[in-house]
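Report on the following structure.
The values are calculated or read from the model by the stated rules, or taken from the named source; none is laboratory data. Keep in mind it's a predicted model, so treat the numbers as computed, not measured. Glycine also receives a Cβ, built like all others from the backbone with ideal geometry; neighbour counts cover every protein chain displayed. Surface areas here come from the heavy atoms of the whole protein model, side chains and all, with no ligands, DNA or RNA. Shrake-Rupley method; radii C 1.70, N 1.55, O 1.52, S 1.80 Å.
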Protein chains: 2
Amino acid sequence: MKIAELEQRLREQGLKLTRPRQAVLEVLSRSGSRLSPAEIHRQGRRSYRRLGLVTVYRTLALLEEMGLVQRVHTETGCHSFAGVRSPEGHHHQLICKDCGRVEEFSDCASEQLLAKLQKETGFAVEDHRLEVIGCCPKCQ
Amino acid sequence: MKIAELEQRLREQGLKLTRPRQAVLEVLSRSGSRLSPAEIHRQGRRSYRRLGLVTVYRTLALLEEMGLVQRVHTETGCHSFAGVRSPEGHHHQLICKDCGRVEEFSDCASEQLLAKLQKETGFAVEDHRLEVIGCCPKCQ
DNA sequence: TCGTTATTGAAAACGATTTTCAGTTAATTA
DNA sequence: TAATTAACTGAAAATCGTTTTCAATAACGA
């Protein structure tokens, strides 16, 4: 997902495109891995030295709400984020347990499963999240 | 999963069956919902008034390691736990977004998907987590 | 019952996240 | 371009959940 496109989306919401936000967007769009807020802060300060950690948190919350960033849930917690590649539609994550690299995929072939679950349990199924954990080619 | 069975498992590990642990186990085995540590503490104090929050954390960590309790990852965070019904083998969760009720299911029909992902991305797939969010019959 | 050892709870420490607030900046208007 | 204004920002403080420390306690075997 390109910076220009992200900027466009901010404007559509009537939000300002500030230097701190650009810095966060840049880190997220450049990195293909999950990053903690602290790590995003550290990297973001390379392009905008005055960037505050507070603003990183605020920007992440904003981007998450806009669907441009996704939380990554690992065994130890869910305190990392990854930039979304294709903001439209349904997708899931394939995460490298060593380097944190995140790949997206959309075909989760779960239609049948969800229909079956719905039928058997009486739940009205609304959403689902699938995370696959593995080791990426470079880390193997 | 019954209290008696949980107690049995503790003994097998050479662990003591203390009143605080009994209280936590009781809460978890009685409730079919995801509960935060604070909520487990509150409920646990009904059967053992002196139960400390610290012990709840410690017991949860212990039970999680033993595979008797599972973390539930929600959009807002991953700070809730649910007792596991069938401790052996692979299973996933169906969670009610309103009351937090948790159902387990094991047939996630993902073999083909994982094989395909592995082939396409070169990742060595090791694990996966599937959470389905919906609305349970009572809450509908 | 006694002794050993794991376990406990309270308080303090800790780390991550959020709030507050006065100052700054991006976007708009003239 | 300069003035205006509301959104945005960073630093400090507050807050919240979780972990550590440590002296006291309780479970279990002898």
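Rounded to the nearest 500, what is the 222 nm mean residue ellipticity of the protein assembly as shown from helices alone, with -39500 (n - 2.57) per DSSP H run of 4+ residues and division by all residues? Don't skip to the end; give the middle numbers.
Details: 10 runs with 114 residues, N = 280.
That comes out to -12500 deg cm²/dmol.
In whole angstrom, note down how far apart the Cα centers of region B:33-62 and region B:93-129 are.
29
Counting only protein heavy atoms and rolling a 1.4 Å probe, how much accessible area do A and B lose on contact, total for both sides, in Å² to 100?
Values: alone 9180 and 9180 Å², together 15200 Å².
By this definition, chains A and B bury close to 3200 Å².
Starting from the 7 Å offset along Cα-to-Cβ, what nm value, one decimal, do you get for the label separation of B:R11 and A:A4?
7.1
Of the options A:A61, A:T121, A:I40, report the single residue whose Cα projects farthest towards the positive end of the charge dipole of chain A (beta-carbon charges: Lys, Arg +1; Asp, Glu -1).
A:I40
Rounded to two decimals, what is the ratio between the C-alpha radius of gyration of region A:94-140 and 2.2 N^0.38 Å?
On the way: Rg = 14.7 Å, N = 47, 2.2 N^0.38 = 9.5 Å.
Scaled against compact globular proteins, the figure is 1.55.
Using only the alpha-carbon atoms, how far is helix B:19-30 inclined from the longest principal axis of chain B? Give it as 0 to 90 degrees, nearest 10.
For helix B:19-30, the angle is close to 50 degrees.
For chain B, evaluate the Debye formula with one uniform point scatterer on each Cα (no solvent term) and list log10 I(q)/I(0) at q = 0.13, 0.17 Å⁻¹, rounded to two decimals.
-0.63, -0.96
Specify the angular offset, from 0 to 90 degrees and rounded to the nearest 10, of the alpha carbon long axis of helix B:3-12 from the longest principal axis of the alpha carbons in chain B.
Tilt relative to chain B: about 90 degrees.
Taking every pair of distinct Cα atoms and averaging 1/r, then inverting, what Kirkwood hydrodynamic radius in Å comes out for the protein assembly as shown?
Working: mean 1/r = 0.0481 Å⁻¹.
Final number for the Kirkwood radius of the protein assembly as shown is 20.8 Å.
Can you give me the accessible area per residue for chain B, using a 1.4 Å probe, in Å²? If you can, show how the numbers build up before the last one.
Numbers: 7600 Å² over 140 residues.
In whole numbers, chain B has 54 Å² accessible per residue.
What average number of partner chain Cβ atoms lie no more than 10 Å from the Cβ of the residues making up A:68-75? Please report the intermediate quantities before stating the final value.
Details: counts 0, 0, 0, 5, 0, 8, 3, 6.
For this peptide, the per-residue mean of nearby foreign Cβ atoms is 3.
Within 10 Å of each Cβ of B:85-97, how many other protein chain Cβ atoms are there on average?
Values: counts 0, 0, 0, 0, 0, 0, 0, 4, 0, 8, 3, 4, 4.
Counting other chains' Cβ atoms within 10 Å and averaging over B:85-97 gives 2.
For helix A:53-65, what angle does its Cα long axis make with the longest principal axis of chain A, in degrees from 0 to 90 and rounded to 10?
Rounded to the nearest ten degrees, it is 40.
At q = 0.16 Å⁻¹, work out log10 I(q)/I(0) for region B:1-62 with the Debye formula, treating every Cα as an identical point scatterer and leaving solvent out; two decimals please.
Treating every Cα as an identical point scatterer, log10 I(q)/I(0) equals -0.45.
Between A:R19 and A:R58, with labels modelled 7 Å along Cα→Cβ, what's the label distance in nm to one decimal, could you check?
1.6
From other protein chains only, count the Cβ atoms within 10 Å of every residue's Cβ in A:104-116, then give the mean.
Values: counts 0, 5, 0, 3, 4, 5, 6, 0, 1, 8, 3, 0, 3.
For peptide A:104-116, the averaged partner shielding equals 3.
Based only on Cα atoms, what mean projected area does the convex hull of region A:39-80 have, in nm²? Spell out each step's value before the answer.
Values: hull surface 12.9 nm².
In nm², the orientation-averaged hull projection of region A:39-80 is 3.2.
Starting from the eigenvalues of the Cα gyration tensor, five times each then square-rooted, give me the equivalent ellipsoid semi-axes of region A:52-114, largest first, whole Å.
Values: eigenvalues 109, 49, 21 Å².
Over the Cα atoms of region A:52-114, the semi-axes work out to 23, 16, 10 Å.
Of all the accessible heavy-atom surface of the protein assembly as shown, with the other protein chains kept in place and a 1.4 Å probe, what percent is carbon and sulfur?
Details: 7070 of 15200 Å².
Carbon with sulfur: 47 percent of the solvent-accessible area.
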